[in-house]
Amino acid sequence: MGKLSIYEFKDYKTYLLQWIERTPNNGRGQRKLMAEAIGCQTPFITHVLSGDYHLSLEQAEACARWLGLNDAEGEFFVLLVMRQRAGTRDLEAMASRQISKRREAETVLKKRLNIRDEMTLEDQLVYYSNWYYAAIHMACHIPALQNADVLRSRLGLSTQEIMSALEFLTEHKLIEQTKSGYRVSRPVLHLGRESLLLPQHHTQWRLRAMESFRKNDPGNLSYSGLASLSREDYEWVRERFSQILEEVVSRVKESKDETMAAICFDVFEL
């Protein structure tokens, strides 16, 4: 069961109920502990979670600390309480704007995945100029693909394209040549949302995805669809996809190097 993310919720009571359910013994005794942590009686917690009562902002801050939330998560939790306690539409709207900004910041993948990029802009212009630089880079993780001829055959590239890419990747210490072949020395690169190269990077891999559609391989997974939904649910969908991607990246870091896969996520408004 993955970590329960506060950013996925629009109602702090729902978050608390699910958090309690995930604790040992189905949350038995947790309401009492919560009451002690925020300085109230246990019946008050029951009224909050099942009725129209609300935590005060002071209680919300204490509750966030008791839950073990970090500073950013704790502030988001307090904002949820503030929005639900708001006595005017203007205050509710202000809290909603802050909540949206916090969710937006949390979905910046470079921050979530803690990836740093040390390549110069000039080097990035080469690396992201064509899809096969990244493909060859990642392929060198796989023992069976750490050879120029095998790479050429697997990726359908010319000898010139393969050798040019291998030379660039080696020169910039992204891979290294050993007696047994090429292997990765620096595994992960990432383009921030602010990069002017990002649209080109996305486009290249979407074009590769389009080529995969024609093969109709049952081992591939593709989905395209439209939905009419609320603004809050749109933010929930985006957050869920961000969480899934974070889990995927975490898992594949420790995965055995046997094959390659292109992973493309798209959630956008029309």
remark   = Taking segment 146-177 and keeping residues outside any loop (DSSP other than H, G, I, E, B) and free of Cβ contacts under 8 Å to residues at least 12 places away in the same chain leaves Asp149, Val150, Arg152, Ser153, Thr159, Gln160, Ser164, Glu167, Glu171, Glu176, Gln177
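Residue-by-condition table, conditions (1) closer than 19 Å to Gly74 by Cα; (2) among the polar types (S, T, N, Q); (3) in contact with a His (Cβ under 7 Å, 6 or more places away or on another chain); (4) at pLDDT below 90:
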residue	(1), (2), (3), (4)
Met1	no, no, no, yes
Tyr12	yes, no, no, no
Tyr15	yes, no, no, no
Gln18	yes, yes, no, no
Gly29	no, no, no, no
Gly39	yes, no, no, no
Thr42	no, yes, no, no
Leu49	yes, no, no, no
query = Among the residues of segment 38-58, is any in contact with a helix residue (DSSP H, G or I) (Cβ under 9 Å, 6 or more places away or on another chain), under 20 Å from Gln243 (Cβ atoms) and not basic (Lys, Arg)?
reply = no
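Matching residues to (1) surrounded by 20 or more Cβ atoms within 10 Å (Cβ to Cβ); (2) closer than 24 Å to Ala209 by Cα; (3) not polar (S, T, N, Q):
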{"site": "His137", "(1), (2), (3)": "yes, yes, yes"}
{"site": "Cys140", "(1), (2), (3)": "yes, yes, yes"}
{"site": "Ala144", "(1), (2), (3)": "no, yes, yes"}
{"site": "Leu155", "(1), (2), (3)": "no, yes, yes"}
{"site": "Phe168", "(1), (2), (3)": "no, no, yes"}
{"site": "Leu174", "(1), (2), (3)": "yes, no, yes"}
request  = Could you pull out the residue among Asp90, Asp52 that is assigned to a loop (DSSP other than H, G, I, E, B) and loosely packed, with under 14 Cβ neighbours inside 10 Å?
outcome  = Asp52
Considering residues of segment 84-106 that are among the basic types (Lys, Arg) and touching a helix residue (DSSP H, G or I) at 6+ places or on another chain (Cβ under 9 Å) only, the residue nearest to Asp233 (Cα to Cα) = Arg103
ask   = Is there any pair linking a residue in segment 19-39 that is over 17 Å from Leu4 (Cα atoms) and buried (at least 18 other Cβ atoms within 10 Å of the Cβ) to one that is at pLDDT 90 or above and among the small types (Gly, Ala, Ser), with Cβ under 8 Å and at least six apart or on different chains, and which?
value = Ile38/Ala62
task = For segment 217-235, name all the residues that are in contact (Cβ under 8 Å) with a residue 40 or more places away in the chain and over 26 Å from Ala261 (Cβ atoms).
result = Glu232, Glu235
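What are the residues in segment 236-270 that are aliphatic (A, V, I, L, M) and either free of Cβ contacts under 8 Å to residues at least 40 places away in the same chain or exposed (fewer than 11 other Cβ atoms within 10 Å of the Cβ) (or both), if any?
Residues satisfying the conditions are Val237, Ile244, Val248, Val252, Ala261, Ile263, Val267, Leu270.
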task = Could you tell me which of the residues Met119, Met163 is modelled with pLDDT under 90, among the hydrophobic types (A, V, I, L, M, F, W, C) and over 30 Å from Ser5 (Cα atoms)?
result = Met119
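The values are calculated or read from the model by the stated rules, or taken from the named source; none is laboratory data. From a predicted model like this one, the values you see are computed outputs, not experimental measurements. Here the Cβ is made from the backbone with ideal geometry for all residues, glycine too, and neighbour counts use every protein chain on show.
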